[in-house]
Every structure is written in C-alpha cells, then in structure tokens.
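Note sheet for the following structure.
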Amino acid sequence: MDLTCDAPGLMSLEEAKKRISDLIPIVQELTLLPLQDCLDRISAADVYSPIDVPGYNNSAMDGYAFKLQDLKENGCVKLVGKSFAGNPFSRILGKGECIKIMTGAAIPEGADTVVMQENAELINKEQQDFVSFSRHPKIGSAIRLAGEDIKKGSRVVSKGKRICAADIGLLASLGCAQVSVYRQVRVAMFSTGDELMRAGDNYEAHRIYDSNRPAVVALLHKMNCDVIDLGIVPDDKDQLRKLLSRADLDADCVITSGGVSVGEADFIKEILAELGQIDFWKIAIKPGKPLAFGRLPNSIFFGLPGNPVSAFVTFHQIAADALRLMSGEIISPALILPAIATSSLKKRAGRTDYQRGICFIDATGQLVVESTGAQGSGVFSSFSESNCYIILERERDSVAAGETVNIQLFDRLLD
Ligand code: AMP
Ligand code: MG
C-alpha cells in the first residue's frame, strides 16, 4: 500500500503520525494502584513473577498418585491415603503405595505419576485396598510441575502494556496486590461554531446540534483519559483565546473541533499562532483533510475538522495513537486484512480513502466487505452501522465489485 505523499501541500497519514510521535511528551508521573483499579491503565514497569506457578507439583486430574516403577513391579499399588487441594497427604509415599488424589492437590514426595480414576480399579486383597489400572501410563502423566506455567522471576507484564482483564487475573494469581501505572492523560475538549446547539436544546432553524464533542468525549472515556469537557464556544476570538489558555493550563492535550479550515469564521489558526507553535496540515486522507497539530505552552493541541465524519476519522487515525503514546502505552500498527468488495466503490485518485464498511465471511468462507453507502464527510450514520474501514490507496480510482481491497477492523475504541 503506497501511503507516501509527494504532492505539494498534502501530507501522508504516516508522515503526520511520525511527526506527532516524535514531538509528544510521555506522561511522567506514576501511581501505585490496587490491582482491581488497574483495568485499562498502562503499566509503568515490567512486572516479574515473585513465585512459581503452579507453586508445587500437583495433579491435573482426580485419580491416583504413585511411583510408576512400583506399579510395573507389582501390577498394582496399595492405597494408603488421600491428597486434596489445600489439604495434602502429610508423609512421603512408601514403596508400593499410592494415594487417592484430587485435581490441584499436591503430589506427595515418592510419587511420579497420576492416573485418572476412570482408568483405575480397586481390588480388595485380604481387607487391604489395592489399585490396578486398565492402561499403563507414562511416567509423569497428569502431573502439573511447579513453575510449568510461570517461572519465578519471569516477566509477566511489560512496561507500556495496557492492563486487560486477563492481566488482572494473572497478576492476582501471583499475589500481586498493587501495580505501578502511569497517570491518566488529561484531555480538554471543546467544539467551536456559532451554529452549534447542545443536545436537549430546542431546535432552531439554521443551527445544528454539536455531535463532535459528545463523540470525541466518548472515545476519550473509552481510552481511559481524564476528560475535561469544556462545552461549546462561539466563533469569537476573545472567548476562544480565553478558553484555549485555560484548557492549556489544565490539560496535557487540548482538542477542538471546527474552525480549522480557511473560512471567515475559522479563528483557531490565528489564536493558536499567538499562544503556541502550531502546524496546519492538509493530510492526504479522505475524509479529514485539514488537521491542526501543535504545542501550546503546557500541552499538545489537535484541531479536528468540523465535519463529523472527518473529526471522527482524524481523531481515531491520528489523535488516538498520539494519546496512547502519551499515556506510556507501547502500541503496534493496526491489522490490515485483504477482503473482496461486494459492490463497486466510488473513489478519486489523490487521497487515501477511509470509507466505512461492513465485513463478514460469506457462504464460501471468503472475507468480503460491503460499503455502508453514502460516504460524505457529514454522513455520520455510515459509522454506527460499520465494523471496518475500507482503505483505498491514494492513487487508486474507483473499485469494481470483486476487486480486493484492504480493510482495517474497528478496534476496541470504535466497537
Ligand atoms: P468548520 O470546520 O467549522 O468549517 O465546520 C465544517 C462543517 O462541520 C460545518 O458544516 C459545520 O456546521 C460542521 N460542524 C462543525 N462543528 C461541528 C460539531 N461540533 N458537530 C457537528 N457538526 C459540526
Ligand atoms: Mg465552524
């Protein structure tokens, strides 16, 4: 896939992401949190196991434990006791002896093999219980060895990993009660535009409801950022200047929507030039061409375009990764898969399209993708129905049904 961009004035998505990742500071403050509060936080250190898991040799089945050599010599073994999980057999197993053992119970010293109870038969030799087996096992059968899952001292969670539910289970199994994590990234967000109303306001002609802020705030919450929702600001230079300065004091990152084009009411550029170092980029993606990125005295800044689909795509493709990096997370590139387009897709060469699609496995087992229809930058409904982006390379023209296209499955942020 060619995502390079040579045309003057248009920057590739890759280039924009690279420049941003070179500039952003990673949050430095760490905090020690109780394990239960660590879901979706970023581990600030490598975590090593303080113990072996399992901590002792134990049985993988309900059955009988004995020394295989004794069974081979005698054809049966003598039943002398029991070992339960949490309640082990208390002495060393003698020659020719066996015990009944439950799953997870400790293997006594002197035993080297377990056979499941379904393959055992109790025989009563003159009032003493002996056990024989329908099949002869291999030495070590059905025994989980100490340290077989995790060796003491091995790394179980890496620095920069987003802690998931499985990590919490794993750390709990090691007796870890607290984890050192990075502080959450603080993000301030507001929308700009004289035309904007809040959801719940009475509808007024020629105005629109602000959808970018609620959508981006929802994404920020999903990313576990510390969100400062600053509402809506009209296209008024003084109010914009005041709010931006305040946001910069309170947040690590300030995000706005609207006012980054070259219209007469687009003041963001002018004000940001006064307050900090700002670049305005025309990115070679569709939707989402204009994007402002820069640094304010205390924070980094993203000016998302006003069109709702553009705002969402630029946030997801560019700002989200930047925030993840800022939060200390080590991230890997999105997984891109080839799929067959079920219908034709309109496209003009010049920018990389991030169309919205629905992918599924068809009756023949092939991964296919269907367009969600109209792809205009104001058609937000195209997002809520979709489960992937259809990425159409920069120089590609329209796509015919049956052609292979690249898709990017929606990640946990968008589902
Ligand atoms: P702008 O980038 O300010 O020129 O806005 C581009 C288009 O997006 C205009 O049609 C705006 O009305 C619309 N728009 C701007 N901000 C928002 C918002 N917060 N929610 C929904 N639509 C918006
Ligand atoms: Mg505007």
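List every residue pair whose Cβ atoms lie under 8 Å apart, where the two residues are 6 or more positions apart in sequence or sit on different chains, the first residue falls within the range 286-314 and is touching a residue at least 40 places away in the same chain (Cβ under 8 Å) and of a type in the set (S, T, N, Q), and the second residue, located anywhere, is more than 8 Å from ligand 1 (Cβ to nearest atom) and outside any loop (DSSP other than H, G, I, E, B).
Partner pairs satisfying both residue conditions: Asn298/Asp248; Asn298/Leu249; Ser299/Ala188; Ser299/Ala247; Ser299/Asp248; Ser299/Cys253; Ser299/Val254; Ser310/Leu304.
Taking Ile358 as the residue in question, decide whether it is touching a residue at least 24 places away in the same chain (Cβ under 8 Å) and in contact with a Cys (Cβ under 8 Å, 6 or more places away or on another chain).
Yes: the conditions hold for Ile358.
When Gln375 is evaluated against the numbered criteria (1) in a loop (DSSP other than H, G, I, E, B); (2) loosely packed, with under 15 Cβ neighbours inside 10 Å; (3) of a type outside the set (Phe, Trp, Tyr), which criterion, by number, is the only one it fails?
(2)
Considering only the range 207-238, state which residues are more than 15 Å from ligand 1 (Cβ to nearest atom) and more than 23 Å from the chain's Cα centre (by Cα).
Hit for the range 207-238 is Asp238, nothing else.
Pick out the one residue from Ser21, Ser12 that is within 30 Å of Ser299 (Cβ to Cβ) and touching a Cys at 6+ places or on another chain (Cβ under 6 Å).
It is Ser12.
Count, please, the residues in the range 253-291 that happen to be within 16 Å of ligand 2 (Cβ to nearest atom) and more than 33 Å from the chain's Cα centre (by Cα).
Qualifying residue count, the range 253-291: 9.
Looking at the range 281-298, which of the residues that are of a type in the set (Lys, Arg) and in a strand (DSSP E or B) is surrounded by the most Cβ atoms within 10 Å (Cβ to Cβ)?
Lys286
Could you please let me know if Ser180 is at pLDDT 95 or above and more than 9 Å from ligand 1 (Cβ to nearest atom)?
Yes: the conditions hold for Ser180.
Search the range 256-277 for residues that are polar (S, T, N, Q) and assigned to a loop (DSSP other than H, G, I, E, B) and pair each with any residue that is near ligand 1 (Cβ under 9 Å from one of its atoms) and modelled with pLDDT under 90 when their beta-carbon atoms are under 7 Å apart and the residues are at least 6 apart or on different chains.
What qualifies is Ser261/Pro290.
The values are calculated or read from the model by the stated rules, or taken from the named source; none is laboratory data. Not measured: the values here are computed from a predicted model. Please note: Cβ atoms are built from the backbone with ideal geometry, for glycine as well, and neighbour counts cover all protein chains shown.
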